[in-house]
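Student: The structure is given below, and queries will be raised subsequently.
The values are calculated or read from the model by the stated rules, or taken from the named source; none is laboratory data. It should be emphasised that the depicted structure is a prediction, and the values quoted were computed from it without experimental measurement. Backbone-built Cβ (ideal geometry, glycine too); neighbour counts: all protein chains shown. SASA here: full protein model, heavy atoms, side chains in, ligands and nucleic acids out. Shrake-Rupley method; radii C 1.70, N 1.55, O 1.52, S 1.80 Å.
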Amino acid sequence: GTATATKWFVIDGQQRLITVFLAVLAFVDAICEEGHNDMAVGVLQDYVLHKKRKTTGSTNLHLVPSAKDAQTMNEVVSLVSDREDIKKELVKSGQDFVPIKVTSTETHKKIRNSFDVLQSWASGRVAGQDQEDIQKMLDRLLQNLTFVEILVRNPLDGPKVFDRLNSK
């Protein structure tokens with residue numbers, strides 16, 4: 001059968017989610033720089049791209065940013081996924097990056113600048129490390145996240161609940 005992804009609308013924390021997503025992309029790039037191509041592709045497939053998901057015109061990213069950030073996110077993901085050593089493996093596995101459909105070609109420097117800073121940070125952490133140590137770093141990054149899910153019947157109630165919780 002085909003797997004379907006659950007879709008959530010984030011009311012608060014979009015910036016944090018994008019930062020973690022960019023950090024994972026930066027780690028993938030740094031891992032690839034160290035010559036651990038199989039590991040880099042594995043991390044990309046586990047945390048960035050939906051595994052073997054057939055897309056019908058939509059992106060295969062795990063995190064889809066707002067429409068205004070889509071173009072910049074496409075550019076950043078392409079920087080990593082289009083690396084020759086990664087692209088070859090993604091194409092072979094049938095999991096090449098499917099860009100987000102964009103309605104605006106406007107780019108936002110904040111996302112790109114954040115990625116550049118995270119890329120430098122990740123390169124410094126990963127340089128000279130073996131795969132086991134790199135995996136421990138990724139685990140610390142990803143396993144210390146906490147998400148709170150609040151279900152509402154009417155999607156318009158989500159921001160109201162958020163405002164009430166944060167006003168106390």
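Student: What pairs come up if the first residue lies in the range 118-144 and is on the phi < 0 side of the Ramachandran plot, the second is surrounded by 15 or more Cβ atoms within 10 Å (Cβ to Cβ) and in a loop (DSSP other than H, G, I, E, B), and their beta carbons are under 8 Å apart, counting only those six or more places apart or on different chains?
Tutor: If the second residue must be surrounded by 15 or more Cβ atoms within 10 Å (Cβ to Cβ) and in a loop (DSSP other than H, G, I, E, B), the pairs left are Val126/Glu34; Ala127/Glu34; Gln129/Glu34; Gln131/His36; Ile134/Glu34; Ile134/His36; Met137/Gln129.
Student: Among the listed residues Ser104, Ser93, identify the single one that is among the polar types (S, T, N, Q), more than 15 Å from Leu22 (Cβ to Cβ) and out of contact with any helix residue (DSSP H, G or I) (no Cβ under 7 Å at 6 or more places or on another chain).
Tutor: Ser93
Student: All but one of (1) part of a helix (DSSP H, G or I); (2) touching an Asp or Glu at 6+ places or on another chain (Cβ under 8 Å); (3) modelled with pLDDT under 80 hold for Leu165, so report the exception by its number.
Tutor: Result: Leu165 passes all but (2).
Student: I'd like the full set of residues that are open to solvent by 70 Å² or more (accessible area, probe 1.4 Å) and in a helix (DSSP H, G or I), limited to the range 130-146.
Tutor: Gln131, Glu132, Lys136, Arg140
Student: I'm trying to understand the selection: among the residues of the range 81-119, which are among the hydrophobic types (A, V, I, L, M, F, W, C), assigned to a loop (DSSP other than H, G, I, E, B) and either closer than 13 Å to Lys68 by Cβ or open to solvent by 90 Å² or more (accessible area, probe 1.4 Å) (or both)?
Tutor: Of everything in the range 81-119, those that are among the hydrophobic types (A, V, I, L, M, F, W, C), assigned to a loop (DSSP other than H, G, I, E, B) and either closer than 13 Å to Lys68 by Cβ or open to solvent by 90 Å² or more (accessible area, probe 1.4 Å) (or both) turn out to be Ile100, Val102.
Student: Looking only at the range 64-75, decide whether some residue is at pLDDT 90 or above, touching a His at 6+ places or on another chain (Cβ under 7 Å) and either exposed (fewer than 13 other Cβ atoms within 10 Å of the Cβ) or not β-branched (Val, Ile, Thr) (or both).
Tutor: no
Student: Can I ask one more? Here is a list: Gln143, Gln119. Which entry is within 16 Å of the chain's Cα centre (by Cα), under 20 Å from Phe21 (Cα atoms) and modelled with pLDDT of 95 or more?
Tutor: Gln119
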